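Single-structure report; data block below.
The values are calculated or read from the model by the stated rules, or taken from the named source; none is laboratory data. Because the structure is a prediction, the values reported are computed rather than measured. Methodologically, a virtual Cβ is constructed for each residue, glycine included, from the backbone with ideal geometry; neighbour enumeration extends over all protein chains shown. When the accessible area is computed, the model is the full protein with side chains, heavy atoms only, and any ligands, DNA or RNA have been set aside. Shrake-Rupley method; radii C 1.70, N 1.55, O 1.52, S 1.80 Å.
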Amino acid sequence: MLTDTIKEATLNQHQQLEKALVAKMKTIRSMQGYVDLLKVFYGYFGGLEQKINQYINSSHLEDHNQRRKTNAMADDIEALGGKLPITANTNDLPEINNALQAFGALYVIEGSTLGGSIISKMMQQHLPFDGQNGLSFFNGYGEQTHQMWAGFKTALNAVAKTRDDEAVVLQAANDTFAGFKQWMDKQ
Ligand code: HEM
C-alpha cells in the first residue's frame, strides 16, 4: 500500500528533520524564540497550503477544510504578540501542479500532527505558557489525532491508482520534506 511505501521512502528525511528540529528546540528558552519557531512553520506550511488548496477539495478528502493549519498558526503567533511573516513562494516550495503532488505535500503536513504533541510538551517544559494559549497548531487534533491520521491515509491510498501515480506522490513528499529542512536552515 502507498501509505507503507511512503513511510519507508521518507523515513530518512523525517529522521534528519526531527533531529534538526529537536536541536533547535533545545535552544529555545523564551516565548519570542517559540514565536520565531511558529513563524518558520507558518511561512512554509502557509505557502504550501495555498498551493495544495488549488488541487485538493472535499471530493478527495471529505474534511479537507478542517485540516488547514495556516489559521491555527496565525492565531498562535498573534495570540503571543507576534506579526505574521510572508509565506514561502514557488522558489522555496516543491512543485505542486496536480492532486497527486498536492497529496504528497499534504502527507508531510498531516504527518506533522503526529509529532506536534511531542513538540507541544517539550515547549511547555521550558516556557511559561498561559494554559494552552499559543499551542493550538502543535496540539493539532488532540485526542482525534490518530483518527484523523487514519482518515487521511485512506484518502491517500485511494488517490493513487497506478505505480506511476504513487511515484509522483512519493517524489512530492520527499521534496516537501527536503524543502522544509532547507527553509528552516535559511531562517
Ligand atoms: C520534534 C519533531 C518531531 C517528532 C518528535 C516527530 C515524531 C513523530 C512520530 C513519533 C511519528 C510516528 C507516530 C505514529 O506512527 O503514531 C511521526 C510521524 C510522522 N511525522 Fe513526525 N515528528 C516530528 C516532526 C515532524 C515534522 C516537522 C514533520 C513534517 C514537516 C513530520 C512529519 C511526519 C510524518 C509525515 C509522519 C508520518 C509517518 C508515517 O507515514 O507513518 N514530523 N513523527
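So the values come out like this:
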| quantity | calculated |
| --- | --- |
| Segment residue 164-residue 114, length gained on full extension (0.36 nm per residue, minus Cα span) | 15.2 nm |
| Of the GluC sites (Glu not before Pro) in the range 14-80, those whose Cβ has at most 14 other Cβ within 10 Å and which sit in DSSP loop | 62 |
| Carbon/sulfur fraction of accessible area - the chain, other protein chains in place, 1.4 Å, % | 49 |
| Structure-based [θ]222 nm, the chain - -39500 (n - 2.57) summed over DSSP H runs of at least 4, per residue, nearest 500 | -23000 deg cm²/dmol |
| Residue 86/residue 182 FRET efficiency (R0 25 Å; Cβ-Cβ; nearest 0.05) | 0.90 |
| Accessible-area value, residue 31, 1.4 Å probe, nucleic acids and ligands omitted, Å² | 50 |
| FRET efficiency for residue 130 and residue 32, using Cβ-Cβ distance with R0 set to 22 Å, rounded to 0.05 | 0.90 |
| Global form of the range 79-127, assessed from the alpha-carbon gyration tensor, a/c cut-off 1.5 | oblate |
| Tail weight of P(r) past 21 Å, computed on alpha-carbon pairs of the chain, percent | 48 |
| In the range 79-187, the trypsin sites (Lys or Arg not before Pro) that fall in loop regions by DSSP, at most 10 other Cβ within 10 Å | 83, 161 |
| Residue-span extension gain [residue 24 to residue 122] - 0.36 nm each, minus C-alpha spacing | 34.1 nm |
| In Å², nearest 10: area of residue 176 left accessible to a 1.4 Å probe | 0 |
| Gyration tensor (alpha-carbon) shape descriptor, the range 1-111, a/c threshold 1.5 | oblate |
| Heavy-atom accessible area ranking, 1.4 Å probe, most first, across 145, 90 | 90, 145 |
